[in-house]
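Asker: Let me give you the structure first, and then I'll get to my questions.
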Amino acid sequence: MDWITMSLEARNLAYNNVEHVGPENARKKTEGWAAASKTLREQRSQHLDLAYGNGERNKWDLYPANDPKAPCFVHIHGGYWQRGSKEIFACLSEGPLARGWSAALCGYTLAPEATLTQITNELKSAFDWLNTKAGEHGIQGPIIVTGWSAGGHLTSFILDHPKVAAGLAISGVFDLGALRDSPHVNDKVKLSEEEIQKLSPMRRPIVNKPLGIAYGTGELPAMIASSRDYHAYRSQGHVPGDLIPIANTNHFTILDELRQPNSTLTRAVIAMAEYQTA
């Protein structure tokens, strides 16, 4: 599937995940995550809202394991760089936490207040902070970064950070050019041609670290193609990382897998730690 040959109308719908599942279904799913995350944050409130920068959203939530050297599941939230928060998605760490891992979620300034260039720079600062400060909060193990949707893109972007051992990109868009003419994205994100070239994983050098790429088999065809194409691109460099189709899930329901300790997606996260220690 080549987005370049699509009409503008077709291209817009091809990446509109909310319309695909239905706005009401997307809202209910998000509200469910938010409620579960509120409970988790109340139960594990000792290391929340730790500032890594000056922005209001430049903060980490950390959930240390009993073993400081356990791997740490880091999640970067989605929302097409204009919605979402670490507070909504904390519950996604339930699966890895149940496996004895630590977990961490970071916030970042959203569009249109921030450009994608600023967002990626904030992430670099966030992981610099994690590299320096995580040990003070009981997290000393390898960092396995995950992200969903826009966070899948950001996971790929941050993979080359020295603190990151491996990653899992879930349901991402890896060529930003596909979104340039999509009003539901670019009215706020306002991607520049320079950003499309410099920040698209499909146009960046291949990072020689393990990166799993997951998608739901019930997602939009263009979203599935994005993950499959990016895995093929990385395979040209003979770098490690599996392509992981999650059966009978769409762009939203795929995330429920991370809340289960033995699901396919949680086991994929665990496998990324084993990749990097092999």
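Asker: If you plug each phi of segment 189-204 into the Karplus form 6.51 cos²θ - 1.76 cosθ + 1.60 with θ = phi - 60°, what whole-Hz ³J(HN,Hα) values come out, in order, with x for Gly and Pro?
Answerer: 6, 6, 4, 8, 4, 5, 5, 4, 6, 8, 10, 7, x, 5, 10, 9
Asker: Output the antiparallel fraction of DSSP beta bridges having both residues in segment 1-147, as a percent to the nearest 5. The partial results should precede the final answer.
Answerer: Working: 6 of 16 bridges.
Restricted to segment 1-147, the bridges split so that about 40 percent are antiparallel.
Asker: A follow-up question, please. Tell me whether segment 164-278 comes out rounded, prolate or oblate; compute the Cα gyration tensor, take square roots of the eigenvalues as a ≥ b ≥ c, and use a/c under 1.5 as the rounded threshold.
Answerer: Since a/c reaches 1.5 but b/c is at least a/b, the shape of segment 164-278 is classed as oblate.
Asker: Taking +1 at the Cβ of each Lys and Arg and -1 at the Cβ of each Asp and Glu, which of Ile246, Ala34, Val269 sits farthest along the dipole of the chain towards its positive end, judged by Cα position relative to the Cα centre?
Answerer: Positive-end residue among those listed: Val269.
Asker: Hey, another quick one. Find how many whole Å separate the alpha carbon centroid of segment 1-53 from the alpha carbon centroid of segment 88-167.
Answerer: 16 Å
Asker: Compute the long axis of helix 264-277 from its Cα atoms, compare it with the longest principal axis of the Cα atoms of the chain, and write down the angle in degrees, 0 to 90, nearest 10.
Answerer: Around 70 degrees separate the two axes.
Asker: Let me ask something additional. According to the square roots a ≥ b ≥ c of the eigenvalues of the Cα gyration tensor, what is the shape class of segment 31-118, taking rounded for a/c under 1.5, prolate for a/b larger than b/c otherwise, and oblate for the remainder?
Answerer: prolate
Asker: Right, another one. Per residue of segment 13-20, in order, report the coupling 6.51 cos²θ - 1.76 cosθ + 1.60 (Karplus, θ = phi - 60°) as ³J(HN,Hα) in whole Hz, putting x for Gly and Pro.
Answerer: These are the phi-based 3J(HN,Hα) values: 5, 5, 10, 9, 5, 5, 4, 5 Hz.
Asker: While we're looking at this one, here's another question. At a 1.4 Å probe, what is the % contribution of carbon and sulfur to the accessible area of segment 12-81?
Answerer: 46 percent
Asker: While we're here: Amide H neighbours of Ser200 under 5 Å, counting only residues 5+ apart in sequence or on other chains, H built in-plane at 1.01 Å?
Answerer: Distant-sequence amide H within range of Ser200: Leu176.
Asker: At 1.4 Å probe radius, can you tell me the per residue accessible area of segment 153-201 in Å²? Present the calculation step by step, with values, prior to reporting the outcome.
Answerer: Values: 1480 Å² over 49 residues.
Here the residues of segment 153-201 average 30 Å² of exposed surface.
Asker: Tell me what the chain gives for mean residue ellipticity at 222 nm when only DSSP H runs of n ≥ 4 count, each as -39,500 (n - 2.57), the sum divided by the residue total, rounded to 500 deg cm²/dmol. Please list the in-between numbers first.
Answerer: Numbers: 11 runs with 112 residues, N = 278.
Using -39500 (n - 2.57) per qualifying helix, the result is -12000 deg cm²/dmol.
Asker: How high is the relative contact order of the chain, given as a whole-number percent (alpha carbon pairs under 8 Å, six or more residues apart)? Please report the intermediate quantities before stating the final value.
Answerer: Details: 558 pairs, mean separation 57.7, N = 278.
This gives 21 percent for the chain.
Asker: On to the next question. Express the Stokes-Einstein translational diffusion coefficient of the chain in µm² s⁻¹, to the nearest whole number, given a Kirkwood radius over alpha-carbon pairs, 20 °C and a viscosity of 1.002 mPa s. Kindly include the intermediate steps, with their values, before the conclusion.
Answerer: Numbers: Rh = 18.4 Å.
In µm²/s, the coefficient rounds to 116.
Asker: Another question, if that's okay. Under 5 Å between amide H atoms, partner at least 5 residues away or on a different chain: which partners does Trp81 have, H built in plane at 1.01 Å?
Answerer: Correct list: Ala150.
Asker: Tally up the carbon and sulfur contribution to the accessible surface of segment 82-224 as a whole percent, 1.4 Å probe, everything protein left in place.
Answerer: It is 49 percent, rounded to a whole number.
Asker: Same structure again: Excluding ligands, DNA and RNA, what is the solvent-accessible area per residue of segment 54-130 at a probe of 1.4 Å, expressed in Å²? All intermediate terms of the calculation are to be shown ahead of the outcome.
Answerer: Working: 2520 Å² over 77 residues.
Solvent-accessible surface per residue comes out at 33 Å².
Asker: Let me ask something additional. For the chain, find the longest principal axis of its Cα atoms and tell me its angle to the long axis of helix 221-235, 0 to 90°, nearest 10.
Answerer: Tilt relative to the chain: about 70 degrees.
Asker: Tell me the net charge near Ile196. Cut-off is 13 Å between Cβ atoms, Ile196 excluded, with +1 for each Lys or Arg and -1 for each Asp or Glu. Show your work: numbers first, answer last.
Answerer: Details: positive: Arg180, Lys190, Lys198, Arg203, Arg204; negative: Asp175, Asp181, Glu193, Glu194, Glu195.
My count for the surroundings of Ile196 gives 0.
Asker: Enumerate the calculated ³J(HN,Hα) couplings along segment 239-247 in order (Karplus 6.51 cos²θ - 1.76 cosθ + 1.60, θ = phi - 60°), each rounded to whole Hz, writing x wherever the residue is Gly or Pro.
Answerer: Result, rounded to whole Hz: 9, x, x, 8, 8, 10, x, 9, 5.
Asker: Treating the angle as unsigned and between 0 and 90°, give the value, to the nearest 10°, between the Cα long axis of helix 116-133 and the longest Cα principal axis of the chain.
Answerer: 20 degrees
Asker: What share of the DSSP beta bridges in the chain is antiparallel, in percent to the nearest 5? It would help to have the intermediate numbers written out before the result.
Answerer: Numbers: 6 of 30 bridges.
The answer is about 20 percent antiparallel.
The values are calculated or read from the model by the stated rules, or taken from the named source; none is laboratory data. Predicted, not measured: the structure shown is a model, and the values here were computed from it. Backbone-built Cβ (ideal geometry, glycine too); neighbour counts: all protein chains shown. For the accessible areas, the whole protein counts, side chains as well, though only heavy atoms, and no ligand, DNA or RNA atoms are used. Shrake-Rupley method; radii C 1.70, N 1.55, O 1.52, S 1.80 Å.
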